[in-house]
1. Might you check whether a residue that is closer than 22 Å to A:Pro342 by Cβ, crowded, with 17+ Cβ neighbours inside 10 Å, out of contact with any Ser or Thr (no Cβ under 7 Å at 6 or more places or on another chain) and more than 9 Å from chain C (Cβ to nearest Cβ) occurs anywhere in region A:161-170?
2. Need pairs with beta-carbon distance below 8 Å; first residue within 22 Å of C:Gly190 (Cβ to Cβ) and within region B:6-17, second open to solvent by 40 Å² or more (accessible area, probe 1.4 Å) and among the aliphatic types (A, V, I, L, M); sequence gap 6+ or separate chains.
3. Return the residue satisfying two criteria in turn: it lies in region A:16-42 and is in contact with a strand residue (DSSP E or B) (Cβ under 6 Å, 6 or more places away or on another chain) and among the hydroxyl-bearing types (Ser, Thr, Tyr), and of such residues it is nearest to B:Val50 (Cα to Cα).
4. Among residues belonging to region A:99-133 that are within 14 Å of chain B (Cβ to nearest Cβ) and hydroxyl-bearing (Ser, Thr, Tyr), point out the one that is surrounded by the fewest Cβ atoms within 10 Å (Cβ to Cβ).
5. Answer with yes or no whether A:Pro61 is open to solvent by 30 Å² or more (accessible area, probe 1.4 Å), assigned to a loop (DSSP other than H, G, I, E, B) and not hydrophobic (A, V, I, L, M, F, W, C).
6. If a residue has to be assigned to a strand (DSSP E or B) and farther than 18 Å from B:Glu202 by Cα to count, how many in region B:329-343 make the cut?
7. When region A:134-148 is examined, which residues are found to be open to solvent by less than 20 Å² (accessible area, probe 1.4 Å) and under 30 Å from A:Glu31 (Cα atoms)?
8. Could you identify the single residue in C:Val145, C:Val107 that is modelled with pLDDT of 95 or more and farther than 16 Å from C:Gly16 by Cβ?
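The values are calculated or read from the model by the stated rules, or taken from the named source; none is laboratory data. Worth saying up front: this structure is predicted, and the values here are computed from it rather than measured. Counting neighbours? That spans all protein chains shown, and the Cβs are built from the backbone with ideal geometry, glycine included. These accessible areas exclude ligands, DNA and RNA; they are computed on the full protein's heavy atoms, side chains included. Shrake-Rupley method; radii C 1.70, N 1.55, O 1.52, S 1.80 Å.
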Amino acid sequence: MVKTNKGRFFEDYTVGDVLTHAVPRTVSGGERALYHALYPARHALYSSDVFAQRCGLPASPLDDMAAFHVVFGKTVPDVSLNAVANLGYGEGRWLLPVYVDDTLRSVSEVIGVKQNSNGKTGVVYVRTRGLNQRDETVLEYVRWVMVRKGNPDAPAPESIVPSLAAVVDPSALAIPAGLDFSAYDFDLSGEPHRWGDYEIGEQIDHVDGVTVEEAEHMMATRLWQNTAKVHFDVNARPDGSRLIYGGHVISMARALSFNGLANAQMVVGLNAGAHANPCLSGDTIYAWSEVLDKAETSAPGVGAIRLRLVATKGHKPFALRGEDGKYQTEVLLDLDYWALMPT
Amino acid sequence: MVKTNKGRFFEDYTVGDVLTHAVPRTVSGGERALYHALYPARHALYSSDVFAQRCGLPASPLDDMAAFHVVFGKTVPDVSLNAVANLGYGEGRWLLPVYVDDTLRSVSEVIGVKQNSNGKTGVVYVRTRGLNQRDETVLEYVRWVMVRKGNPDAPAPESIVPSLAAVVDPSALAIPAGLDFSAYDFDLSGEPHRWGDYEIGEQIDHVDGVTVEEAEHMMATRLWQNTAKVHFDVNARPDGSRLIYGGHVISMARALSFNGLANAQMVVGLNAGAHANPCLSGDTIYAWSEVLDKAETSAPGVGAIRLRLVATKGHKPFALRGEDGKYQTEVLLDLDYWALMPT
Amino acid sequence: MVKTNKGRFFEDYTVGDVLTHAVPRTVSGGERALYHALYPARHALYSSDVFAQRCGLPASPLDDMAAFHVVFGKTVPDVSLNAVANLGYGEGRWLLPVYVDDTLRSVSEVIGVKQNSNGKTGVVYVRTRGLNQRDETVLEYVRWVMVRKGNPDAPAPESIVPSLAAVVDPSALAIPAGLDFSAYDFDLSGEPHRWGDYEIGEQIDHVDGVTVEEAEHMMATRLWQNTAKVHFDVNARPDGSRLIYGGHVISMARALSFNGLANAQMVVGLNAGAHANPCLSGDTIYAWSEVLDKAETSAPGVGAIRLRLVATKGHKPFALRGEDGKYQTEVLLDLDYWALMPT
């Protein structure tokens, strides 16, 4: 009896399946500190208990992207071990902040399957939820991946493609209980720019770059208990390079965006995301953002801002797509998210 | 007066000597998180407080191997600073789980000395105990090392070679108070395989590999406050390479063994261990296991399994010894241990 | 409206300005563990709660140099983003130990400005204080940096050069409340040498060396939220190398000095410091110390020792200045500090 996990193949997914992902995780100050060692993260709400308390929270939460990685990592053995490509994200919402001592686990429901015309692969859509020790959902998102068939002769399932919102409606964003930016300290947050200072269409070059190393991306990816071989084993890809986990690029870009968006504190919605090109050790990651939309919220002093966050290899402000509509080769990431800012 | 530590030489050890090792250490969530960043560790009992509590423990303990490294590291300045080789381990038992906020220190007793026929080196046997802040022994093991003589003319001591058990008797294994696997959650642990599903003689290829980096093994080795120069200084070895601490290979192999042995949760006995060949940065570590024995325990739903864990450089499942009885060159580690599994 | 921080230029500083630095930081066991993973730190008071309690403290504090880095890192965006060189430190005092769960922030006052004769740069002197969540000053120091002018035509300000003490008077050193070395455990601290065993003028070669890696210094520097581009981005310096943060060298040298100064436990004064030559990845850092002075204190069993700590590239014990009075090329750091030792 083979004891090791071969992962699921395309024909192993059926719409309605519920996947209980393994290895729950209790987070501590260790995860918080490592996040700050691995990324140049400086958003004050995630750095200081005192700052967070002045904003109405009980303590400084774990970075929203770290919470995302913890939840995402658990899904890899069940969802993407045999994935050819991570195709997209959508309908993501952070519903509760994650604090030190919380224990997270992940559950996914298969919400769509569609075999590709080549008959060798198919697209699987899952809605993943991260739950805490009180069985409260702390975040949820949809992700779709292209997965190999294990048996090429397996019959094609009925195609079911879920209808996904292009953007999370701002009225559906979850504002943490008690959040109040009325007494927000702009000196300690690092920049004076308020929600009202940003205009739709405005683009921001975040200026700073970080050259990435093998040891760093492997430590990050292991910390989230993501087991995909391509990130760790030089023998896993034909060219002998270790592919950097896309989430490492997300966190690096989000942290770099502090310079110009220091007050875009909490990430509460994920509208879309694409890993446009592979990132490898030795690449220098830069980032730029564009304000896509703004919305009011019911919380005191809190506005929502919809941002496009683009990571590039080398300093290529505002690079995105070529004339052919395809991502330029320098573009690593194109992420569309909602954040909360003081108004 | 020279203030720096030159380490002990062979003639400085006398059977019966008690060595009080320096630098006690309080462990926190930081050590736990770093362990998970440095190794692909996924055993649920060491990842989740909730999972551990469902198994009858007060919280998720520090990984048993991390506890071993903390205790071991303290012995290096007194035992192995002038060691030529680490020859073996035996009679190891984990007696109490280590939790966040515990403070560990180490004490060793010299239990054997035997000068080698070349007159330049000798073998020293020590029994080391790790103690917590309540002076309870949390683990103990015997280790023997080959140590240089400082003065080649020092007379050979009377040879005393301790009689060591080849295997820790399963009846002597310490089961943590309260441990109960009756309500064990196989979905959250990651695999369905129970103690009853493993057969003596069964071999498991753990499939996954990890390429190791200088920064990682140095961070790990420093974290355990192991000061052996060969791990840190390119000038310490003739070929300019930094030798990777054998414990780094142990932890990497143990973590990789999750894939196929996800339910071999707690390490409670160390029967034997050999670092067969040196490991260097850039090597890719794989692992395989063999079931050597099984035993029942008195705790509800808890069985003991004796495992051989072999780490190899490159994917060489079931490689061990050549026809000459020597370890094959790809073999890095041959470890023989007891773990606890749900029955 | 440009949203990103361009940093201040020489003409932007006026004596008397108070700079409230951004991004307060709550420290946890994660920062402590990372400090021990990044440096071979073994001073027992900073490793063990039990040891610290036996010395009269409530718990083991964060390493004094880690506290320094946290406070220092916050000043970079306001003080040294456009710095040409970090020229010196002085009048540094650690006033209160920093414990897990403390939240630190930094405030600086401009205490001197002096334009250089080339008209393109000037020297800025700031006195920085680190404050905890109770608004108590935990440490303070003066630092002076050479900063570029943004507008070469900006008029030279009136030169004001603060009068700084060459050495912190030992009577001004802050001894932590309750500190008592009467029951100090020399077995657990790692060395038997007391304050009385050191002579003024004595030099100590700390013997051990550590080869440094890119991933390590970047993780350290990010952990302290130091944003200077030269440490992270291969494009920031003409030669494509990443300059290692001077504080990384300080911590490495201080940790290496354990071997010979294991009982120089608490750093309480910073008299002077110079980063003599740049340090790059691949360099192997060694350290030596010289006893510059000794003083008694009012605390039971506690003496003060003034030490010169020199870090070198390669093992060059007692290398310092050449016949021309300039630092030898192998010298990375020359630090002059006060520490507390058991008498």
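1. Yes, some residue in region A:161-170 is closer than 22 Å to A:Pro342 by Cβ, crowded, with 17+ Cβ neighbours inside 10 Å, out of contact with any Ser or Thr (no Cβ under 7 Å at 6 or more places or on another chain) and more than 9 Å from chain C (Cβ to nearest Cβ).
2. If the second residue must be open to solvent by 40 Å² or more (accessible area, probe 1.4 Å) and among the aliphatic types (A, V, I, L, M), the pairs left are B:Lys6/B:Leu81; B:Gly7/B:Leu81; B:Arg8/B:Leu81.
3. A:Thr26
4. The extreme case among them is A:Tyr99.
5. For A:Pro61, the condition - open to solvent by 30 Å² or more (accessible area, probe 1.4 Å), assigned to a loop (DSSP other than H, G, I, E, B) and not hydrophobic (A, V, I, L, M, F, W, C) - is not met.
6. Total satisfying the criteria: 3.
7. Going through region A:134-148, the residues open to solvent by less than 20 Å² (accessible area, probe 1.4 Å) turn out to be A:138-139, A:141-143, A:145, A:147.
Once the filter is applied, which keeps residues that are open to solvent by less than 20 Å² (accessible area, probe 1.4 Å) and under 30 Å from A:Glu31 (Cα atoms), region A:134-148 yields A:Val138, A:Leu139, A:Tyr141, A:Val142, A:Arg143, A:Val145.
8. Exactly one of C:Val145, C:Val107 is modelled with pLDDT of 95 or more and farther than 16 Å from C:Gly16 by Cβ, namely C:Val145.
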